[in-house]
Structures are given as C-alpha cells and as structure tokens.
Amino acid sequence: MPKIADIEGTPNKNALKFILKEPLTWGITHSYDNADEAKDDPLASALFDIDHVTNVLYIDSWITVTQDGEANWQDLAREVADPIRAAPGATAESNKTVTQANEALDNLSPEDKLRLERINIMLDEEVRPFLQSDGGDLHVLSLEGDILRIHYQGACGTCPSSITGTLRGIEQMLKSIEPSIQVVAN
C-alpha cells in the first residue's frame, strides 16, 4: 500500500498530483477520463466513486486526480487519499501490460516502427519529462502515414494550453525529424 509523500498543485487548478513513496506501476501509464473507462481498474474506479472526480492518471510513483472545479481541494484531497493509500503497489500485472502494448506494435511496418521509435525517443527526451513534472503525460495512440495521434493524460487532459500551444510545440519539434508530420490530440 503506497504512502503519500507529497501533494503538489499543477498548472491546471482542477488537478492535484500525489507523489507516492512506492510505485503503483513500473512504467505503465493508466489514464481514465470517466468511470466507465476505469471500471476494470480498482484504484481508478474507487476514485471515480468520489463526487467531482473527472480524470485519473497514474504511473510509477505518482497519481494525478482532476476534479470538475466544484469541490474544495482541501476536502477532496482527504477523500481521494484513502483509495490511493489502499491501492496495491506495483505488481507483475505491469509486466503483462508492457508485453501486450509491445505486441500491438507488431502490426506496424518495419519503416513505421523505426519512425515511431525515433518519435518516442524525442518525446521521452524533450516532452514527457515536462508534462510529467506538471502532473500529466501523453500517450501515442497511433502513427498512420504522417498523422501521429496522441492522447493527453492527467492534468494535461483538461488543460487548455495542451490542446493549443503545447500540441503545436510538439508538432514543430517532431517536424525536425519528420517534416510532414501532423500531430492530432484525441
């Protein structure tokens, strides 16, 4: 059961980032925009059972909870802390999820696998650390021709700047390695 080491605000006033003393996953991102998406995830499901929770993102040793803006964070933070503390730490399930995600890449052509690898290296080095420090992340959904589909997670999922400025910044950065790429947020 993870203990909460710290709670940080994020640039999105409706999201809080909980820093944990032990990991919930090992490199596997869990992101949910509603209770229905989270029905198979006990932690996220428990958080969505709490009034005002609208988004849950967790990876490794942190979890970001986003609310609808109608709750007082001081009260809500106490409420969401209970399911977070009760959640199991990282397990072998994380390894299973990584394997399944890697198997999905088998459908890409060798050329597209190479392209996606280069894109992910740039995202890992230049983008994800900044998004994660603010309680968010992004997940690459697909690469279809010159269209890269991404999904913002956590605090980034409802942050107005992620849909405009951040998205265009990511696209401009990726154009240095893929000149005709278009980045679309889903």
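Coordinate-derived values only; no laboratory data. Just so it is clear, the model here is predicted, and its values are computed rather than measured. So basically every Cβ, Gly included, is an ideal-geometry build from the backbone, and we count neighbours across all protein chains shown.
The phi torsions of segment 139-156, fed into the Karplus equation with coefficients 6.51, -1.76 and 1.60 and a -60° offset, translate into couplings of 10, 7, 8, 6, 10, 10, x, 9, 10, 9, 9, 10, 10, 6, 10, x, 4, 6 Hz, rounded to whole numbers, with Gly and Pro shown as x.
Averaging the sequence gap over all C-alpha pairs within less than 8 Å and six or more residues apart, then dividing by the number of residues, gives segment 106-185 a relative contact order of 26 percent. In this simple spin-label approximation, Ile7 and Glu125 carry label points 7 Å from Cα along the Cα→Cβ vector, and these lie 3.8 nm apart. Between the amide H of Asn55 and those of Thr66, distances stay under 5 Å, these residues lying 5 or more places away or on another chain, with hydrogens modeled in the peptide plane. The string of couplings for segment 124-134 from the Karplus curve (6.51, -1.76, 1.60, θ = phi - 60°) is 4, 7, 10, 10, 4, x, 6, 5, 5, 5, 9 Hz, one whole number per residue in order, with x for Gly and Pro. Estimated at 0.36 nm per residue, the fully extended path between Asp106 and Ser176 surpasses their Cα-Cα distance by 22.6 nm. Counted by Cβ distance under 13 Å from Leu143, the other residues give a net charge of -2, where Lys and Arg count +1 and Asp and Glu count -1.
Database remark: amide H of Gln182 closer than 5 angstrom to the amide H of Ile147, Leu148 (H placed geometrically; neighbours at sequence offset of 5 or more, or on other chains; Pro and chain starts carry no H). Considering only the other residues whose Cβ falls under 13 Å of the Cβ of Ile181, what net charge follows from Lys and Arg at +1 and Asp and Glu at -1? Counting the neighbours of Ile181, the net charge comes to 0.
Our summary gives the chain a relative contact order of 21 percent, counting only alpha carbon pairs under 8 angstrom and 6 or more residues apart. Computed per residue of the chain from DSSP H runs no shorter than four, each worth -39500 (n - 2.57), the mean residue ellipticity at 222 nm is -10500 deg cm²/dmol. The magnitude of the dipole of the chain, with charges of +1 and -1 set on the Cβ of Lys/Arg and Asp/Glu and taken from the Cα centre, is near 360 debye.
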